[in-house]
Amino acid sequence: MELPFQNGKQEDIKTITIDNKLNIVNEVYNKLDLLFASKRDNKILLSNNGVVYLLKKFWKKGNNFYIYKLGQEIISEVHIKLNNRKIAALDYFFNSKGELVISGFYSSPIRFNYEGFFLLRYDEDLHLVHKNQYSLTENIVQAFKSSKEIKESGFGLDRFIITDFSLDSIGNYYLLSENISKATIKEETYWISSGFFVVKFNKNGNFIWASPVSLNQQHKDLNFIGTFSVNSYNYKKYFYNDLQNSNLRKGVPAEYGILNYCGTKYVEFSLAGLAQENINSINFPGKDTEKYAFFPNQLNPNSEGPSYFAVLNEKSTNIMLAIAK
């Protein structure tokens, strides 16, 4: 727990361990080197081995990230930082070795956006064991910015967010970032995505390839925008709602399946990182008066079993549960 705010004082953290009967078995009090500030984002991380960490984020001339290992009398403060760049956004997980793996994007020194990516690995005691950072590849930038936009604002990408960082079955790392923004068209507000890109690292954390996927997703309801993946594949596939079909006069093509509001596609990648789009045929149950599409967020993202998803009708008023095995 974080103790009450005290202006100008060092931050206080207390870690309380309880057993399965909710009895307190240990309490550890720590005073951090950082001074209290009114706007801090604290997140508790729990490793596969039960080790508790604190990830701290705050803004001071850009994002600042710190990580602490809790539950011991003396804790060390580790500043998560890169060479000459500020981190714009990051994601994390613990691998099979118990290492904390952190990946994300750093920003341009001129404006806050995504200009490059990185991957860091820390052992259980937060010693840095691997560090890599790279500029965005040319194919990524050119997929989402025109030559004029590059000339005017540089190579950084605006309005992108991290939506997934995960492993495949053989230990390769995949970092997914999507473009999501709002726009007013003919006095109507729409959510828009121009696509996403995937960065692949090998199991040691070294960069393999980066691949863009250009889309034209546009909808008044954010519930249909974005990508998702399922647990049942040994290699990465990313699915998305093919929203361009929702405006077709003849309706969604038959090859997408039955009772589809827009139809679903998926993208897989060759060994060289070339994106290959495919139609995913799905027959939804129900009446002809309603058609359905996926809410593109897995309901049980940390599960190793089947993946669960919500399926919505076009007005998001009826919901079904979908299981992908």
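The values are calculated or read from the model by the stated rules, or taken from the named source; none is laboratory data. Since we're looking at a predicted model, the values are computed, not measured. Virtual Cβ from ideal backbone geometry, glycine too; neighbours counted across all protein chains shown.
Odds and ends about this structure:
- Test: residue in region 243-262 that is part of a loop (DSSP other than H, G, I, E, B) and under 19 Å from Ser211 (Cα atoms): no
- Taking the criterion of being touching a Gly at 6+ places or on another chain (Cβ under 7 Å) and of a type outside the set (A, V, I, L, M, F, W, C), the only residue of region 137-172 that qualifies is Thr163.
- Where a residue in region 60-85 is under 13 Å from Gly104 (Cβ atoms) and its partner, wherever it lies, is outside any loop (DSSP other than H, G, I, E, B) and basic (Lys, Arg), with Cβ under 6 Å and at least six apart: Phe65/Lys57
One line per residue, one yes/no per condition, for (1) in a helix (DSSP H, G or I); (2) in the same structural domain as Ala322 (by TED's automatic domain parsing); (3) over 15 Å from the mean Cα position of the chain (by Cα):
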| position | (1), (2), (3) |
| --- | --- |
| Lys151 | yes, no, yes |
| Ile162 | no, no, no |
| Ser169 | no, no, yes |
| Ile180 | no, no, no |
| Tyr190 | no, no, yes |
| Val198 | no, no, no |
| Val213 | no, no, yes |
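- Against the test of being surrounded by fewer than 20 Cβ atoms within 10 Å (Cβ to Cβ) and under 20 Å from Asn139 (Cα atoms), the options Ile180, Ile192, Ile170, Ile185 yield a single qualifying residue, Ile180.
- When Lys287, Lys291 are checked against the criterion of being over 24 Å from Tyr173 (Cα atoms), of a type in the set (Lys, Arg), surrounded by fewer than 19 Cβ atoms within 10 Å (Cβ to Cβ) and not assigned by TED's automatic domain parsing to the domain that holds Ile102, a single residue qualifies: Lys287.
- Sole residue being in contact with a strand residue (DSSP E or B) (Cβ under 7 Å, 6 or more places away or on another chain) and farther than 22 Å from Ser193 by Cα, chosen from Ala310, Ala275, Ala324, Ala293: Ala324
- Of the set (1) crowded, with 19+ Cβ neighbours inside 10 Å; (2) of a type outside the set (Lys, Arg); (3) more than 23 Å from Val101 (Cβ to Cβ), all apply to Glu277 but (1).
- Within region 231-249, the only residue that satisfies the criterion of being among the aromatic types (Phe, Trp, Tyr) and surrounded by fewer than 13 Cβ atoms within 10 Å (Cβ to Cβ) is Tyr235.
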